[in-house]
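Engineer: Sending over a structure as structure tokens; questions will come in a sec.
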Amino acid sequence: MYTQALNSKDTDAVARPEDVARVAVFQSTIDAEDKIEPNDWMPDGYRRTLVRQISQHAHSEVIGMQPEGNWITRAPSLRRKAALLAKIQDEAGHGLYLYAAAETLGVSRETFYEQLLSGKAKYSSIFNYPTETWADIGIIGWLVDGAAIMNQIPLCRCSYGPYARAMIRVCKEESFHQRQGYEIMLTLCRGTAAQKAMAQDALNRWWWPALMMFGPSDKDSMHSADSTRWKIKRFSNDDLRQKFVDATVPQGHFLGLTFPNPSLSYDEASGHWNYGEIDWSEFKRVVAGDGPMNKQRIARRRQTEADGAWVREAAMVYAEKRRQRAAAAKVAAE
Ligand code: FAQ
């Protein structure tokens, strides 16, 4: 329905005077903090960046259900199981809002699914790590949702209307997820020595991958300049990572846990926590498809897609039946 808004290539904007004028209107709309809506004219590069980022974000929510899904049957109590099920269901909902927002840019949902299932699409590196113990579920809520919120709150002010509006609801739910994760960690850290050791082990394994969620360092971030000019990004990858570290380190100390980077130190002058050097070779390896769980995640997604085929078929047949019944009732009433 929005595809009529698909428009010229960036290069045309330079070549054609009317597009130069359109770019000026487009940029002044953004500079005035107004939203760009699906039927507004937009440069091809802006559209491409949004399709790329929003679809990657949607895929992350969907693949992100798998590490937690691993613990549904083994949650330690009915209360924990109910909360975990609800959280995972929320992530599916986030994927849905985000695919819907990306579709307004003229790419079909089927195309996004196909890109994910073929292994062509990216999703967040963090979901390629295994959930080995129950403490990993606490860590995901505390650190992974915590990092997601830090990154996503500014996206509520992103210049593209459908993405910004989707993020408002997503962020409300993510902040609840973060709290349930921290509460799991608190319970473990106030529990037996074995439980506390389990919490520490989870932090040791997830801390660095959580910092990698914010993307490459600013000097290596190839999309940041455009995304900042277009007010898709409001803060750089490194700035958000630093905000996350500053917020999270005191929370970890309150739990009585130690962070797995000996160089972590507080800088009185800047008011920031200095963290050690990130192992970017690990980040690149995981993003390139060679993380601990990349192959399993995609294989599982493909299997789920195949297992759900009958549900989609049944829904289509049922919808057609309803359509025919309604048409027949209309004829009978005339
Ligand atoms: N993993 O130039 P930049 C969640 C790629 S949701 C994999 O800096 P950009 C909720 C990047 O795509 C988590 N790839 O790129 C939840 C680009 O590749 P491309 C997801 C990464 O876009 C919780 C290349 O590197 N959140 O956790 C990663 O300006 C619990 C160059 O990078 C979002 O997607 C990475 N970590 O900045 C669910 C938020 N980082 O496309 C379940 C929206 C970078 O050229 C359970 N996304 N890359 O092939 C963003 O804010 C941005 O896309 C960034 C990257 C900040 C991730």
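The values are calculated or read from the model by the stated rules, or taken from the named source; none is laboratory data. Small disclaimer: the values here were computed from a predicted structure and weren't measured. A quick note on method: Cβ atoms are made from the backbone with ideal geometry, for glycine too, and the neighbour counts reach across all protein chains shown. Accessible surface is based on the protein model in full, side chains and every heavy atom, while ligands, DNA and RNA are left aside. Shrake-Rupley method; radii C 1.70, N 1.55, O 1.52, S 1.80 Å.
Engineer: State the number of residues belonging to segment 210-233 that are within 10 Å of the ligand (Cβ to nearest atom) and farther than 21 Å from residue 178 by Cα. Give the derivation first.
Structural biologist: Quick first cut of segment 210-233, residues within 10 Å of the ligand (Cβ to nearest atom) only: 210-218, 220-228, 232-233.
This time we only want the ones that are farther than 21 Å from residue 178 by Cα, so: 216-218, 220-228, 232-233.
Of the residues in segment 210-233, 14 are within 10 Å of the ligand (Cβ to nearest atom) and farther than 21 Å from residue 178 by Cα.
Engineer: Read through the list (1) of a type outside the set (Lys, Arg); (2) surrounded by fewer than 21 Cβ atoms within 10 Å (Cβ to Cβ); (3) modelled with pLDDT of 95 or more, then give the number of the only condition that residue 110 fails.
Structural biologist: Every listed condition holds for residue 110 apart from (3).
Quick grid of which residues meet (1) assigned to a helix (DSSP H, G or I); (2) within 15 Å of the ligand (Cβ to nearest atom); (3) at pLDDT below 95:
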site: 197; (1), (2), (3): yes, no, no
site: 206; (1), (2), (3): yes, yes, no
site: 238; (1), (2), (3): yes, yes, no
site: 254; (1), (2), (3): yes, no, no
site: 259; (1), (2), (3): no, no, no
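Engineer: Here is a follow-up. Scan segment 288-298 residue by residue and report those that are open to solvent by less than 60 Å² (accessible area, probe 1.4 Å) and within 14 Å of residue 69 (Cβ to Cβ).
Structural biologist: Matches in segment 288-298: 293, 297.
Engineer: Taking residue 332 as meeting all but one of (1) without any contact (Cβ under 8 Å) to a residue 12 or more places away in the chain; (2) surrounded by 11 or more Cβ atoms within 10 Å (Cβ to Cβ), write down the number of the exception.
Structural biologist: (2)
Engineer: Go through 119, 69, 93, 138 for me and flag whichever is in contact (Cβ under 8 Å) with a residue 12 or more places away in the chain, farther than 27 Å from residue 302 by Cβ and open to solvent by less than 50 Å² (accessible area, probe 1.4 Å).
Structural biologist: 138
Engineer: If residue 132 passes every condition in (1) over 15 Å from the mean Cα position of the chain (by Cα); (2) open to solvent by less than 40 Å² (accessible area, probe 1.4 Å) but one, which one does it miss?
Structural biologist: For residue 132, the exception is condition (2).
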